[in-house]
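The values are calculated or read from the model by the stated rules, or taken from the named source; none is laboratory data. These numbers come from a predicted model, not from an experiment. Here Cβ is always computed from backbone atoms with ideal geometry, including for glycine, and neighbour counts include all displayed protein chains.
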Amino acid sequence: MKVKNICCIGAGYVGGPTMAVIALKCPDISITVVDSNSDKIDAWNGPLDQLPVYDPGLANVVKKVRGKNLFFSKEIDNAIDKAEMIFLAVNTPTKTEGDGAGMAADLRYIEACAKDIARVARNDKIVVEKSTLPVRTAEKIKEILDANQHNVHFEVLSNPEFLAEGTAIEDLFKSDRVLIGGDSSEAGERAVKSLVDIYTKWIPKEKILTTNVWSSELAKLASNAMLSQRISSINSLSALCEKTEANINDLSQAIGMDHRIGPYFLKVSPGFGGSCFQKDILNLVYLCKHYGLNEVAEYWHQVVKINDYQKKRFAKKIISELGNSLNKKQIGILGWAFKPNTNDSRESASIYVAKQLLDAGASINIYDPMVSEERIYSDLNFIHDDPLPNDRITISKEFSNMISNIDVAAILTDWDEFIEFDWKAFINKSNSEIRIFDGRNILEKQLKDYTNYYNL
């Protein structure tokens, strides 16, 4: 099938950047991104410096293709109707109720998309799973699609994203690999070829791996689980280093120089966040339990438990060093995004650390260069059981103002401006006795001799 029109359902961190790059590399294909959230579509059509997703280089790509062969629309049915290929890039959060609550993926949005496609489609379509989904989800999607009343044939492909927020555009331009799973039938192979032909416009063919659908679906969960495991492993060792006076940065370097292990994802932190790691591991745990693999489930569940422990350990370290008395203490939360170069704060360690500090009676002052004030309050309201103590919460828009008004700095996101800030000069100039808790170990070289400096 020659693909001339693509529809992408979902205008978030995956759909928006992915479609922007495909539009840039495939000028002969018209791409329409749709979403049920009209505010999000308005933002994509608005000023380039106010796009709903922040990622370095994204605005520049959107500028080149928006209005030419990339469109953001609220007319979902129309986009589905004219497309030969439809990407599903909607959210798949962890279920909060029913069977599998707290672990299994909530597929209601995926299923709703499939129902919409089945209702609207009048000609054959290739449906591409872009969202991270449990293995064998394609089977359920195919059942919904095949129940249509219009004698339409659908092929369902799995094409999981392997993007890291903050480097998404770079990852799309220079992918380590592109994974495409499809049916082994003649029609399935044709559908796979249609998608391969799109990616080969800029990705070397040897980096495009084709598999069956089930392998492709499981690959994303497995990759995130393995990466998360490394983070939790090094964080667990940081706790041991603290007790034995070993240096976690030295340890990370020594481990990373082993060619069998390598240096990646061995950076200590207050815990991993983002929309994928925890959600995907819990999904994997649920799948293992579903198939009776209880020991395997417990093994992977431990990765999440260590991650939760690390967040609590960092907050407890602050509380303990302040003598368990946080009243009248202004604690600065430096960074709210779960990592630098993104405005995504989902499952950020900052949220959980802030809650523990508030519960201990602290006043907090939050600064992040990209996460909006509205989003910060939304995150806090979501996790806080009682009404927020707004009289103890300040959100600053300028780092320079914030740093002058706090007693304690808790660094939770390794933004460049925190690394590049001359902390020694600030301390000397202001005669400050600010306590600095470095959750990312980014200031060790600069402040290792400073009495009030604490790292992980």
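Things worth noting here:
- In summary, LEU88 fulfils each of the numbered conditions (1) surrounded by fewer than 14 Cβ atoms within 10 Å (Cβ to Cβ); (2) at negative phi with the single exception of condition (1).
- Qualifying residue in segment 74-92 (condition: in contact with a helix residue (DSSP H, G or I) (Cβ under 8 Å, 6 or more places away or on another chain), in the same structural domain as THR132 (by TED's automatic domain parsing) and over 29 Å from PRO27 (Cβ atoms)): yes
- ASP407 vs. criteria surrounded by fewer than 13 Cβ atoms within 10 Å (Cβ to Cβ), outside the structural domain of LEU51 (by TED's automatic domain parsing) and modelled with pLDDT under 95: no
- Taking the criterion of being under 27 Å from ASP379 (Cα atoms) and β-branched (Val, Ile, Thr), the residues of segment 235-285 that qualify are VAL268, ILE281, VAL285.
- The numbered conditions (1) surrounded by fewer than 14 Cβ atoms within 10 Å (Cβ to Cβ); (2) more than 26 Å from the chain's Cα centre (by Cα) are all true for ARG136 except (2).
- Residue list for segment 245-284, filter: assigned to a loop (DSSP other than H, G, I, E, B) and within 17 Å of the chain's Cα centre (by Cα): PHE265, SER269, PRO270, GLY271, PHE272, GLY273, GLY274, SER275, CYS276
- Where strands (runs of 3 or more DSSP E) fall wholly inside segment 129-232, no range has 2 or more residues that are in contact with an Asp or Glu (Cβ under 8 Å, 6 or more places away or on another chain) and basic (Lys, Arg).
- All helices (runs of 4 or more DSSP H) inside segment 332-434 with 3 or more residues being within 22 Å of ILE318 (Cα to Cα) and without any contact (Cβ under 8 Å) to a residue 60 or more places away in the chain: 349-359, 373-383, 423-430
- Residues located in segment 169-186, provided they are closer than 19 Å to LEU133 by Cβ and of a type outside the set (Lys, Arg): VAL178, LEU179, ILE180, GLY181, GLY182, ASP183
- Residue in segment 435-455 that is nearest to LEU266 (Cα to Cα), counting only those that are among the charged types (D, E, K, R) and in a loop (DSSP other than H, G, I, E, B): ARG440
- Test: residue in segment 230-243 that is under 18 Å from the mean Cα position of the chain (by Cα), polar (S, T, N, Q), buried (at least 16 other Cβ atoms within 10 Å of the Cβ) and not assigned by TED's automatic domain parsing to the domain that holds SER404: yes
- Residue match in segment 262-269 (condition: without any contact (Cβ under 8 Å) to a residue 40 or more places away in the chain and among the charged types (D, E, K, R)): no
- Segment 195-217 - residue that is buried (at least 18 other Cβ atoms within 10 Å of the Cβ) and not aliphatic (A, V, I, L, M) and, of those, farthest from ARG136 (Cα to Cα): TYR199
- Any hit, segment 186-194, residues being loosely packed, with under 15 Cβ neighbours inside 10 Å, touching a strand residue (DSSP E or B) at 6+ places or on another chain (Cβ under 9 Å) and in contact (Cβ under 8 Å) with a residue 40 or more places away in the chain: yes
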